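Student: Dropping the structure in here first, questions after.
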Amino acid sequence: MTKIVIAILLGATLAGCATSVKQNLSVAQTAQSRAEDPVKEALFHQWFAAEFDNHEQHWQDNIDKQKQPDLQVHEHIHHIFAPVPTPALEGQTYYVKQYMDGDPAKIYRQRLYQFVRNEEKGAIQLNIYRFKNEKKFTDAHLNPALYANLTPEEITTFPGCEVYWTWNGRYFDGAMEHNACAIKSSRSGKMMYFNDELRLTEQEIWIADQAHDAQGNRIFGNKAGIPHINRKVTYFTGWGGNRLGGQSAPEDAKWGFTRSITIHNEGQIVPLIDDKTGLETGYSVQLAQLTYQGTTDPILKLGIIDNQSGKTVTYIWSDRDNVKTGINLRWLQAGLKIKQDNPHFSF
């Protein structure tokens, strides 16, 4: 009888412990659930703060157009989304610069982005501001004091053009409210309706912006609805140089040499400039993530370009995951490795 009582008491004790464990686990899970941010705001900014480029998409379109004459080639666009605090605005703010053809001087858009939480929509809300004096704020990410002293009178926005970012379990979807962004053209005087669909992953941002008139006629945007697929760039730093006069120069010819190469892996071309004289050596290096057409193998290409002809005289390729790459032609040498600090920004 005593054994039975002990067994009952032991069973009750174990049952109580099990219940207590379950309750503790439930409390912990509830606390974790409450602590987890449903809009993933921190993750969004971790992925968004970078430079992006669609060089390979533009390159591939030009190849495909040879067999598909009606194909609309995506413009080659480079995006800088640089976080810069702006005391005049709440939330997190960014300086945005977007330029064409790999040329930082071909700016087609400069903006101030403001991100705030919109609890009602369960989204991260992007408010887009324009600079009234764009020249003053060119490359403002390199001069943060401009943002520190910015006043609300120096910027303007169009209500209805906000973008709402939501987490879908794998990546972030971004969209405007349909036709809410309506702006009268300064040229034609007609209303233009802007719509945008976006996707942000850890390594890419897809942008499918479109504009139509009141009759639904397309003003700009890809006619097939294919977004600009921009990859997050990674910068490499390194050195390079060559005999002045190139491959045909005598072995005792002088060299032009630099130890200050900074180049990203999405098709950027950087001329070799001698550190001592400041003069170009006649050649440039290009780093590009591309895909071999015959095998569809993704590669990282290091190319050497003759500045006079604009042609690639030779190149080597390696795995995209390589942290170092280089080339030695005897008359020209170069070595590159991933930038240690802020590898997704040039600065």
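Student: What size of dipole, in debye to the nearest 20, comes out for region 25-148 about its Cα centre when the only charges are +1 on Lys and Arg C-beta atoms and -1 on Asp and Glu C-beta atoms?
Tutor: In debye, rounded to 20, region 25-148 gives about 460.
Student: Would you mind listing how long region 206-347 runs along its three principal axes, going by Cα atoms, in whole Å with the largest first?
Tutor: 69, 36, 30
Student: Out of Gln57, Pro87, Gly122, whose Cα points farthest toward the positive end of the dipole of region 51-134 (charges: +1 Lys, Arg; -1 Asp, Glu; placed on Cβ)?
Tutor: It is Pro87, whose Cα lies furthest towards the positive end.
Student: Using amide H atoms built in the peptide plane, which far-off residues or other-chain residues are under 5 Å from Lys339 H to H?
Tutor: For Lys339, whose amide H was placed from the backbone, the distant partners under 5 Å are Tyr235, Phe236, Thr237.
Student: Starting from the Cα of Asp275, move 7 Å in the Cα-to-Cβ direction to define the label point; list residues of region 228-250 whose amide nitrogen is under 19 Å from there.
Tutor: Zone members listed by number: 236-244.
Student: Follow-up. Quick query: amide H of Asp209 versus all other amide H atoms, modeled in the peptide plane; which residues come in under 5 Å with a sequence gap of 5 or more or a different chain?
Tutor: For Asp209, the qualifying residues are Glu197, His228.
Student: Once amide H atoms are built 1.01 Å from N in the peptide plane, which residues 5 or more positions from Phe257, or in another chain, come under 5 Å H to H?
Tutor: Those qualifying (amide H under 5 Å, at least 5 residues apart or on another chain) are Asp274, Asp275, Lys276.
Student: Same structure, new question: Could you size up the charge dipole of region 134-236 around its Cα centre, putting +1 on the beta carbon of Lys and Arg and -1 on that of Asp and Glu, and report it in debye to the nearest 20?
Tutor: That gives region 134-236 a dipole magnitude of about 360 debye.
Student: Which percent of the accessible heavy-atom area of region 97-176 goes to carbon and sulfur, probe 1.4 angstrom?
Tutor: Roughly 49 percent of what the probe reaches on region 97-176 is carbon or sulfur.
Student: When ligands, DNA and RNA are left out and all protein chains stay put, how many square angstrom of accessible area per residue does the chain have with a 1.4 Å probe?
Tutor: Value for the chain: 57 Å² per residue.
Student: Something else: How big is the convex hull of the Cα atoms of the chain, per residue, in Å³?
Tutor: So the per-residue Cα hull volume is 262 Å³.
Student: Moving to a separate point now. Over region 217-347, what percent of the accessible surface lies on carbon and sulfur atoms, probe 1.4 Å? Walk me through the numbers before you get to the answer.
Tutor: Working: 3550 of 7200 Å².
Whole-percent figure for carbon plus sulfur exposure: 49.
Student: Further question on the same structure: Can you find, among Pro159, Gly303, Val323, the residue farthest towards the positive end of the dipole of the chain? Put +1 on the C-beta of Lys and Arg, -1 on that of Asp and Glu.
Tutor: Val323
Student: Gaussian network model of the chain, Cα springs within a sub-10 Å range: biggest mean-square fluctuation belongs to which of Pro83, Pro250, Pro144?
Tutor: Highest fluctuation among the options: Pro250.
Student: In whole Hz, with x marking every Gly and Pro, tabulate ³J(HN,Hα) for region 131-144 from phi via Karplus 6.51 cos²θ - 1.76 cosθ + 1.60, θ = phi - 60°.
Tutor: These are the phi-based 3J(HN,Hα) values: 8, 5, 10, 5, 4, 4, 9, 4, 6, 5, 5, 8, 9, x Hz.
Student: Taking the Cα centre of the chain as origin, sum charge times position over the Cβ atoms of Lys and Arg (+1) and Asp and Glu (-1), and report the length of that vector in debye to the nearest 20.
Tutor: 240
Student: Going by Cα centres, region 242-282 and region 76-124 are how many Å apart?
Tutor: 34
Student: If you don't mind, there's one more thing I want to ask. Divide by every residue of the chain the summed helix terms, -39500 (n - 2.57) for each DSSP H run of at least 4, and state the resulting mean residue ellipticity at 222 nm, rounded to the nearest 500 deg cm²/dmol.
Tutor: -5000 deg cm²/dmol
Student: Once phi is turned into θ = phi - 60°, what whole-Hz ³J(HN,Hα) does the Karplus curve with 6.51, -1.76 and 1.60 give for every residue of region 104-118, x standing for Gly and Pro?
Tutor: So the Karplus estimates, Gly and Pro as x, are x, 7, 8, 6, 10, 7, 10, 9, 10, 9, 10, 10, 9, 6, 10 Hz.
Student: Sticking with this structure for a sec: Using Cα-Cα distances under 8 Å and only pairs 6 or more residues apart, what relative contact order does the chain have, in percent?
Tutor: Contact order relative to length: 11 percent.
Student: Next up: Can you find, among Phe345, Ala208, Ala182, the residue sitting farthest towards the positive end of the charge dipole of the chain, where Lys and Arg contribute +1 and Asp and Glu -1 at Cβ?
Tutor: Farthest along the dipole direction, towards plus: Phe345.
The values are calculated or read from the model by the stated rules, or taken from the named source; none is laboratory data. Keep in mind it's a predicted model, so treat the numbers as computed, not measured. Positions of Cβ are backbone-derived with ideal geometry, glycine not excepted, and every protein chain shown enters the neighbour counts. Note: accessible area is taken over every heavy atom of the protein model, side chains too, but ligands, DNA and RNA are not part of it. Shrake-Rupley method; radii C 1.70, N 1.55, O 1.52, S 1.80 Å.
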